[in-house]
Amino acid sequence: MANKAVLNADVNRGIINKNIYGHFAEHLGRCIYEGIWVGEDSSIPNTNGIRNDVLEALKNIEVPVLRWPGGCFADEYHWKDGIGPRESRKRMVNTHWGGVIENNHFGTHEFMMLCDMLGAEPYINGNVGSGTVQEMSEWVEYMTFDGESPMANWRQENGQEEPWKLKYFGVGNENWGCGGNMRPQYYSDLYRRFQTYVRNYGDNKIFKIAGGPNVADYNWTEVLMREAARFMDGLSVHYYVHPGGFENKGSATNFSEADWDITMKKTLYIEELIERHGTIMDKYDPEKRIDMIIDEWGAWYDVEPGTNPGFLYQQNTVRDALVAGASLNIFNNHNDRVRMANIAQMINVIQAMILTENEKMILTPTYHVFEMYKVHQDAERVALDLEVEEVTYGDISYEQVNGSASKKNGRINVSLCNMDKEKSATLDLDLRGADLKDVTGRMITAQEMNAHNTFENPENVKPVDFTGFKADGNTLKVELPAKSVVVISIAE
Ligand code: AHR
């Protein structure tokens with residue numbers, strides 16, 4: 001059977017918020033230090049301490065929003081340690097991630113500078129687990145108060161005359177776990193209390209994000225929405241794909257065919273999570289005022305052999321391109337509630353865009369998916385109805401193809417993933433509401449299911465032109481190779 005798709009180019013489904021293509025950078029392993037920050041005196045070419053190669057690569061994927069400083073680190077971070085002259089900043093132990101010394105050289109000023117250089121909105125995650133209400137309140141005052149105040153004066157003494165614009169602020173992270181092992185009722189009360197003092201100064205309006213559930217903890221969502229919905233603008237949801245489960249995640253590169261299949265199945269599960277958490281949100285917020293913010297997602301495997309287990313450094317293969325492509329399709333298709341997502345993490349950690357080794361840098365297959373999919377950022381979603389085959393391997397079944405579609409700048413862009421590691425997929429794409437003309441395509445694929453880029457072979461997996469389509473009237477007959485992520489572009 002050929003898979004079928006009906007693309008109604010004139011049936012609009014709302015804007016795909018560009019923040020779905022957001023990122024997350026934590027003080028974890030070599031994400032911030034080495035990955036982003038090398039310091040002004042480094043032999044690695046840099047601008048004000050931020051490495052140039054990484055900066056240029058990130059600009060190319062148009063990072064819309066960047067979450068920082070954690071993750072679990074956020075609930076141990078005390079922002080006052082990370083301001084003022086760098087040489088006198090407090091050194092601390094990053095107890096959660098590898099027990100290494102954190103010299104606090106990358107702090108609020110450096111983060112805001114990075115966001116400015118990238119043209120990205122800052123998203124700062126505050127400390128509820130081990131911080132105080134006063135500390136959180138003063139951080140917001142430090143960053144955003146315009147005029148004379150103790151914190152604004154201090155900011156100016158540290159070289160930042162004007163307040164920064166700060167929109168996104170997270171009130172705690174994973175407070176059911178590393179953020180304090182709380183129960184939902186307790187966190188709900190703490191959330192209500194802490195957020196009270198996250199003030200809007202001048203015309204800076206903070207969008208407050210509550211720390212949401214772990215995976216399928218629907219009770220957390222229920223309690224938090226019931227108790228605190230009116231005090232929040234966003235609810236975070238975290239979901240990681242661990243093929244072998246959390247304790248024994250499996251290798252990023254040395255995996256079996258069954259591992260591939262379970263990875264695809266677990267990737268697609270995020271749709272159920274969005275729908276079920278979304279249903280609870282609908283109960284308390286039928287107008288969909290509150291955004292679902294999937295501020296940690298991605299495939300998380302065992303660390304690369306011989307690397308620090310606390311650094312979460314893993315390789316990235318064509319399998320991860322499929323994880324990224326399919327997840328982003330699902331987020332696009334739920335654009336009525338999902339308005340931000342932040343892949344974990346930007347560099348050298350979990351499902352990274354970029355890997356570095358001292359002065360060397362490579363782009364991962366996941367990076368290339370973000371580059372190919374940037375056409376969806378702030379585009380108008382259009383209706384794409386798919387009727388696709390299920391593939392079954394052993395006791396695992398999943399839909400072979402998934403996709404999403406949007407239009408922007410006179411082009412209709414359709415992103416399609418063939419999740420099957422063995423079989424190509426034929427798809428009859430019936431275009432309605434526009435004439436089929438001027439079709440182009442790009443694709444990421446590979447022969448081997450663990451194909452990846454290395455410092456010796458950095459361009460092993462990269463986008464190529466896609467020509468596997470043929471017009472038949474207003475139907476595009478598409479042949480998607482096994483394990484491929486494809487973006488087809490059609491003139492509107
Ligand atoms: O991204 C790594 C960690 O995963 C984050 O610090 C934490 O929030 C989550 O458990």
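Along the three principal axes, how long is region 394-492 when you take its alpha carbons, biggest first, rounded to the nearest angstrom?
Its Cα atoms span 44, 36, 20 Å along the three principal axes.
For region 251-272 and region 438-492, what is the separation of their C-alpha centers, rounded to whole Å?
Each part reduced to its Cα centre gives a spacing of 21 Å.
Around residue 288, under 10 Å between beta carbons, what's the net of Lys plus Arg minus Asp minus Glu among the other residues? List each step's numbers first, then the result.
On the way: positive: 289, 337, 339; negative: 282, 285, 287, 291, 336.
The answer is -2.
Which length gain, in nm to one decimal place, applies between residue 477 and residue 432 when the Cα-Cα distance is subtracted from 0.36 nm times their residue separation? Walk me through the intermediate numbers first.
Working: separation 45, 0.36 × 45 = 16.20 nm, distance 1.44 nm.
Residue separation times 0.36 nm, minus the Cα-Cα distance, leaves 14.8 nm.
Quantify, in whole percent, the carbon and sulfur part of the accessible surface of region 1-115 (1.4 Å probe; protein heavy atoms only). Could you put the intermediate results ahead of the total?
Values: 1990 of 4080 Å².
That fraction is 49 percent.
Roughly how large, in nm² to one decimal, is the mean projection of the convex hull of the alpha-carbon atoms in region 272-319?
Working: hull surface 20.9 nm².
For region 272-319, the mean projected area of the Cα convex hull comes to 5.2 nm².
Just want the answer: with Cβ charges of +1 for Lys and Arg and -1 for Asp and Glu, which residue in 136, 77, 176 is farthest toward the dipole's positive end in the chain?
Selected residue: 136.
Under the Karplus relation 6.51 cos²θ - 1.76 cosθ + 1.60, θ = phi - 60°, what is the ordered set of whole-Hz ³J(HN,Hα) values for region 363-375, x standing for Gly and Pro?
9, 8, x, 5, 3, 5, 5, 4, 5, 5, 7, 5, 4
Okay, helix-only estimate at 222 nm for the chain: each DSSP H run of n ≥ 4 adds -39500 (n - 2.57), divide by all residues, round to 500 deg cm²/dmol; what do you get? Numbers along the way, then the final one.
Values: 10 runs with 115 residues, N = 492.
Using -39500 (n - 2.57) per qualifying helix, the result is -7000 deg cm²/dmol.
Name the residue farthest towards the positive end of the dipole of the chain from the options 117, 42, 355, assuming +1 on Cβ of Lys and Arg, -1 on Cβ of Asp and Glu, about the Cα centre.
The Cα lying farthest towards the positive end belongs to 117.
Please say if region 451-492 is rounded, prolate or oblate, where rounded means a/c under 1.5 for a ≥ b ≥ c the square roots of the C-alpha gyration tensor eigenvalues, and otherwise the choice is prolate for a/b larger than b/c and oblate otherwise? Don't jump to the answer; show the numbers that get you there.
Values: a/c = 4.37, a/b = 2.68, b/c = 1.63.
Cα axes put region 451-492 in the prolate bin.
Where the centroid of each part is defined by its Cα atoms, how far is region 305-362 from region 232-250 in Å?
13 Å
About its Cα centre, what dipole magnitude does region 370-492 give when the only charges are +1 on Lys and Arg Cβ and -1 on Asp and Glu Cβ, stated in debye to the nearest 20?
Numbers: 14 positive and 22 negative charges, 90 e Å.
Magnitude of the dipole: close to 440 debye.
List the longest stretch of the chain that has no exposed loop site; here a site is one of the chymotrypsin sites (Phe, Trp or Tyr not before Pro) assigned by DSSP to anything other than H, G, I, E or B, with at most 16 other Cβ within 10 Å. Don't skip to the answer; put the middle values down first.
Values: sites that count: 197, 246, 269, 455.
Looking at the chain, 1-196 is the longest stretch - no exposed chymotrypsin sites (Phe, Trp or Tyr not before Pro) with at most 16 other Cβ atoms within 10 Å.
Rounding to the nearest 20 debye, state how big the charge dipole of region 234-293 is about its Cα centre with +1 on each Lys and Arg Cβ and -1 on each Asp and Glu Cβ. It would help to have the intermediate numbers written out before the result.
On the way: 7 positive and 11 negative charges, 27 e Å.
Taking the Cα centre of region 234-293 as origin, the dipole is about 140 debye.
Cα extents of region 295-346 along the three principal axes, largest first, in whole Å?
For region 295-346, the Cα spread along each principal axis is 43, 21, 13 Å.
Quick one: putting +1 on the C-beta of Lys and Arg, -1 on the C-beta of Asp and Glu, what dipole do you get for the chain around its Cα centre, in Debye to the nearest 20?
On the way: 48 positive and 72 negative charges, 141 e Å.
So the dipole magnitude of the chain works out to roughly 680 debye.
Counting only other residues whose beta carbon sits under 14 Å from that of residue 212, what net charge do I get with K and R as +1, D and E as -1?
Working: positive: 67, 208, 226, 276, 337, 339; negative: 174, 217, 222, 227, 233, 285, 291, 295, 296.
Computed value for this residue: -3.
Given a Förster radius of 41 Å and the C-beta distance between residue 92 and residue 10 as r, what FRET efficiency does 1/(1 + (r/R0)^6) yield to the nearest 0.05? Before the final figure, lay out each step's value.
On the way: r = 56 Å, r/R0 = 1.38.
After rounding, the FRET efficiency stands at 0.15.
Calculate log10 I(q)/I(0) of region 238-313 for q = 0.23, 0.25, 0.26, 0.28 Å⁻¹, where I(q) comes from the Debye formula with a single equal point scatterer on each Cα and nothing for solvent.
-1.03, -1.14, -1.20, -1.30
Largest first and in whole Å, what are the equivalent-ellipsoid semi-axes of the chain based on the Cα gyration tensor, each being the root of 5 times an eigenvalue? Write out the running numbers ahead of the final one.
Working: eigenvalues 274, 128, 96 Å².
That gives 37, 25, 22 Å for the three semi-axes.
Which pairs break 28 Å Cα to Cα here: 374/470; 205/265; 208/483; 90/205; 18/483; 266/374? Walk me through the intermediate numbers first.
On the way: 374/470 25 Å; 205/265 40 Å; 208/483 39 Å; 90/205 31 Å; 18/483 26 Å; 266/374 24 Å.
Result: 205/265; 208/483; 90/205 exceed 28 Å.
Just the number: Rg to Rh for region 421-476, Cα atoms, Kirkwood Rh, two decimals. Show your work: numbers first, answer last.
Values: Rg = 15.5 Å, Rh = 13.9 Å.
So for region 421-476, dividing Rg by the Kirkwood Rh gives 1.11.
So for the chain, averaging the separation of alpha carbon pairs under 8 Å that are six or more residues apart and normalising by length, what relative contact order in percent results?
Details: 1164 pairs, mean separation 96.6, N = 492.
Once divided by the residue count of the chain, the mean separation gives 20 percent.
Which length gain, in nm to one decimal place, applies between residue 397 and residue 117 when the Cα-Cα distance is subtracted from 0.36 nm times their residue separation? Don't skip to the answer; put the middle values down first.
Working: separation 280, 0.36 × 280 = 100.80 nm, distance 4.42 nm.
This chain segment gains 96.4 nm when fully extended.
Sort by residue number and name the cysteines in the chain that have no neighbouring cysteine Cβ under 4.7 Å.
Cys with no partner Cβ under 4.7 Å: 31, 115, 417.
Return a whole-number percent for the relative contact order of region 154-223, with Cα pairs under 8 Å and 6 or more residues apart as the contact set. Kindly include the intermediate steps, with their values, before the conclusion.
Values: 62 pairs, mean separation 27.8, N = 70.
So the answer I get is 40 percent.
Net charge near residue 30, counting Lys/Arg +1 and Asp/Glu -1 over other residues with Cβ under 12 Å of its Cβ? Numbers along the way, then the final one.
On the way: positive: 51; negative: 26, 34, 304, 357.
Computed value for this residue: -3.
Let me know the Kirkwood hydrodynamic radius for region 16-56, please, with Cα pairs as the basis and the value in Å to one decimal. Don't jump to the answer; show the numbers that get you there.
On the way: mean 1/r = 0.0887 Å⁻¹.
It works out to 11.3 Å.
Taking Cα pairs under 8 Å and at least six residues apart, what relative contact order does region 350-492 come out at, in percent? All intermediate terms of the calculation are to be shown ahead of the outcome.
Numbers: 284 pairs, mean separation 39.9, N = 143.
Rounded, it is 28 percent for region 350-492.
Give the value in nm², to one decimal: projected area of the alpha carbon convex hull of region 330-404, averaged over all directions.
Details: hull surface 29.7 nm².
Averaged projected area of region 330-404's Cα convex hull equals 7.4 nm².
Towards the positive end of the charge dipole of the chain, with charges on Cβ (+1 Lys, Arg; -1 Asp, Glu), say which of 491, 267, 322 has the farthest Cα.
Of the candidates, 491 comes out farthest on the positive side.
Given the C-alpha centroids of region 108-183 and region 62-91, what is the distance between them in whole angstrom?
9 Å
The values are calculated or read from the model by the stated rules, or taken from the named source; none is laboratory data. In this text the structure is predicted, and so the values were computed from the model without any measurement. Methodologically, a virtual Cβ is constructed for each residue, glycine included, from the backbone with ideal geometry; neighbour enumeration extends over all protein chains shown. Each accessible area value is taken on the protein alone, full model and side chains, heavy atoms only, with ligands, DNA and RNA left out. Shrake-Rupley method; radii C 1.70, N 1.55, O 1.52, S 1.80 Å.
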